[in-house]
Amino acid sequence: VDVLGSLKQYALFTSSGAVANAATSGIVGNIGTHLGIISGFTTSTQVGSKNTANAATAQAVVDLAYAYAQIKLLPNTVTGHLAAFGNETLLKGVYYTAGAGSLAGTITLDAQGDSDAIFVFKFNGAFSAAAQSKVILKNGARRCNVFWTSEGATDIGTFSHMKGTIIANAGAATMAANGNLEGRLLSTAGAIGFSTG
């Protein structure tokens, strides 16, 4: 699902809202907001740039709206899964939850040898991951092919290990202390919060 455009360069981005970090984090990728401020990164290590209200962030706003719309248009292939995910192995597909959803424990995404296998989790409500949640990629699964989208806020708990691109639509996207994100944390309209990750 090659829909990210300029967002491929970002680790943290919101179209409208603040981007704040607590304590010391390490980030590879750009950090940006088109309408807001960036704060809390003075003691952190970043490989990338910080962008606020410039041509790059204007393009990122367009690209994020497009990416979210395209992901929403993907046909749902799994609609009967419980709203709570975790402690299970899942095969490729587009998993749709009619309301809010959650992740707790360990979830293994098994590509069965297909490096192009897509894993999309669409929540028609908020999404939360409990503390110490973990996503494992298996048999060729790649983080660039994993997407998590929510209608509203996304909240990732402490000591979590997430993989993939996380998009909160019209809500805040936060990752609590001591987390590890191999991917991106994005919001179409809401604050981005990060801590010691």
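The values are calculated or read from the model by the stated rules, or taken from the named source; none is laboratory data. Here the structure is a predicted model, which means the values were calculated and not measured. Please note: Cβ atoms are built from the backbone with ideal geometry, for glycine as well, and neighbour counts cover all protein chains shown. Heads up: the accessible areas ignore ligands, DNA and RNA and are worked out on the full protein's heavy atoms, side chains in. Shrake-Rupley method; radii C 1.70, N 1.55, O 1.52, S 1.80 Å.
Before moving on, here are some points about what is shown:
- Normalised by the number of residues in the chain, the mean separation of alpha-carbon contacts (under 8 Å, six or more apart) gives a relative contact order of 20 percent.
- If you wrap the Cα atoms of region 81-148 in a convex hull and average its projected area over all directions, you get 4.0 nm².
- Debye-sum result for region 114-179 in log10 I(q)/I(0), which assumes one identical scatterer on each alpha carbon, at q = 0.14, 0.16 Å⁻¹: -0.41, -0.53
- Angle between the chain longest axis and helix 55-73 axis [Cα atoms, degrees, rounded to 10]: 10 degrees
- Estimated 222 nm signal from helices in the chain, with DSSP H stretches of n ≥ 4 weighted -39500 (n - 2.57), rounded to 500: -3500 deg cm²/dmol
- Binning the alpha carbon pair distances of the chain at 5 angstrom intervals from zero yields the distribution 2, 8, 17, 22, 22, 16, 9, 4, 1, 0, expressed in whole percent.
- Put a dot 7 Å past the Cα of Asn178, heading toward its Cβ, do the same for Ser39, and the two dots end up 2.6 nm apart.
- Expressed as a whole percent, the accessible surface of the chain that belongs to carbon and sulfur atoms is 56, based on a 1.4 Å probe.
- If you take the Cα centroid of region 80-104 and the Cα centroid of region 38-75, the two points sit 26 Å apart.
- Per residue, region 97-164 exposes an accessible area of 37 Å² to a 1.4 Å probe, with every protein chain left in place.
- Globularity ratio of region 4-98, using Cα Rg and 2.2 N^0.38 Å: 1.34
- At full extension, Gln132 and Thr77 could sit 17.0 nm farther apart than now, given 0.36 nm per residue minus the alpha carbon distance.
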